[in-house]
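The values are calculated or read from the model by the stated rules, or taken from the named source; none is laboratory data. Note that the coordinates shown come from a computational prediction; the quantities given were computed from them, not determined experimentally. Here the Cβ is made from the backbone with ideal geometry for all residues, glycine too, and neighbour counts use every protein chain on show.
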Amino acid sequence: MLDPAEDTFRLLRDSVRRYVEKEITPKAAAWEEQGSVPREVLREMGRLGFLGLRFPEAYGGGALDARATALLAEELGRSTFGGFAITVLVHTDMASPHLVNAGTPEQIGRFLPGIVGGTTITAVAVTEPDAGSDVKSIRTAARRDGGDYVLKGNKMFITNGALADLYFVAAKTDPAAGAKGISMFLVEKGTPGFSVGRKLDKHGWRCSDTAELVFDGCRVPAANLLGEEGRGFYSIMRNFQNERIAIGAMAIGESAKALELTLDYVKTRKAFGAPLWEKQAIRQRLSMLAAKVEAGRQLVQHAARLDAEGRDCVKEVSMVKAYCGELVNEVMYDCLQFHGGFGYLREAAIERMTRDARVQAIGGGATEVMLEEVAKRL
């Protein structure tokens with residue numbers, strides 16, 4: 001039986017692909033130089049409806065499910081600019097879902113229209129200099145003082161750190177309670193005591209701004225507590241599933257595009273009197289990589305469907321993040337190799353894509369951490 005939603009997803013995929021091919025890929029090299037995606041690009045994506053696919057229709061969203069996340073992420077990955085893709089996906093699927101999942105009606109009504117419209121850009125601030133995948137080890141503290149909370153601490157590796165208008169910040173309201181002492185807060189740019197520290201100079205994702213955040217006596221109204229005090233860890237763990245589907249799907253889009261670029265190259269580049277495609281080792285290796293990418297795509301779609309059905313899919317999502325994060329690096333290594341010396345030049349898309357891919361085995365849960373999550377459930 002055909003799923004009536006399939007037509008919706010097919011039309012959405014076509015729409016996003018056309019937009020990326022026309023408006024992103026030809027222009028994003030300049031954004032690599034400036035170190036961020038222009039805000040007008042995000043506003044345009046908001047006008048087109050791409051930033052609220054999972055959110056309620058009452059706020060301009062599409063009311064779709066995790067399959068939309070996977071579709072959007074894969075198509076953004078095909079742009080060949082990982083920095084652009086992650087800028088959008090942090091906003092749509094890693095930061096702002098915290099608002100819809102845990103926010104009060106007042107908080108949602110205040111912030112969600114701007115998030116969907118691309119006028120309010122978001123970031124999620126969990127990672128710290130000494131706490132990455134081990135979330136419960138964060139040290140940023142939030143102390144209640146009358147009608148406010150006072151935040152003190154530093155966050156590190158925050159995507160959209162300088163670009164964002166609204167931050168979802170994890171802090172310990174009860175340092176002695178471990179994971180049960182973490183709460184989430186809405187912090188707006190310009191709040192006294194909050195500042196963006198240095199922007200970080202990265203190996204890849206050059207058009208994605210990544211920054212350090214500083215909270216030095218940052219006074220946040222108690223009304224900006226997101227959800228219940230002490231429930232922040234559970235909110236973070238819940239949204240990790242969405243985040244990891246997005247990163248996995250993005251990796252599949254990048255891998256598929258890298259294979260397309262490489263196939264075009266080896267079918268025209270001649271060596272020893274014949275196109276490289278005529279070399280059995282090359283065409284068989286690319287065939288195997290194509291099989292692995294398709295396997296990864298099916299795994300992503302399976303996990304997204306389980307999530308859409310409300311089923312426990314921590315194991316499958318962890319597999320997605322581990323498998324796709326490693327696969328995209330495997331694909332890029334061989335695709336650059338088959339481009340030869342040209343692939344090592346900064347002017348080659350495959351060179352940039354190879355640099356961008358490296359972090360996808362690290363960010364959002366390192367491969368080793370993901371495999372431990374799988375192992376717990378075997």
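Points worth noting:
- Residues (within 15 Å of Arg238 (Cα to Cα) and either buried (at least 22 other Cβ atoms within 10 Å of the Cβ) or modelled with pLDDT of 95 or more (or both)) located in the stretch 102-141: Ala102, Gly103, Val124, Val126
- Check on Ala28, within 20 Å of Cys207 (Cβ to Cβ), touching a residue at least 24 places away in the same chain (Cβ under 8 Å) and either buried (at least 21 other Cβ atoms within 10 Å of the Cβ) or polar (S, T, N, Q) (or both): yes
- Criterion (touching a His at 6+ places or on another chain (Cβ under 8 Å), touching a residue at least 24 places away in the same chain (Cβ under 8 Å) and not hydroxyl-bearing (Ser, Thr, Tyr)) met by exactly one of Asn101, Asn160: Asn160
- With respect to being in contact (Cβ under 8 Å) with a residue 12 or more places away in the chain and closer than 22 Å to Met184 by Cα, Leu89 fits the description.
- If the condition is being surrounded by 15 or more Cβ atoms within 10 Å (Cβ to Cβ) and assigned to a loop (DSSP other than H, G, I, E, B), then the stretch 270-288 contributes only Lys279.
- Residue match in the stretch 125-146 (condition: part of a loop (DSSP other than H, G, I, E, B), of a type in the set (A, V, I, L, M, F, W, C) and assigned by TED's automatic domain parsing to the domain that holds Leu200): yes
- Taking the stretch 23-92 and the helices (runs of 4 or more DSSP H) fully enclosed by it, the elements with 3 or more residues that are under 20 Å from Arg305 (Cβ atoms) are at 66-77.
- Contacts under 8 angstrom Cβ, first residue in the stretch 340-352 being exposed (fewer than 10 other Cβ atoms within 10 Å of the Cβ), partner modelled with pLDDT of 95 or more and in a helix (DSSP H, G or I), 6 or more apart: Arg346/Arg352
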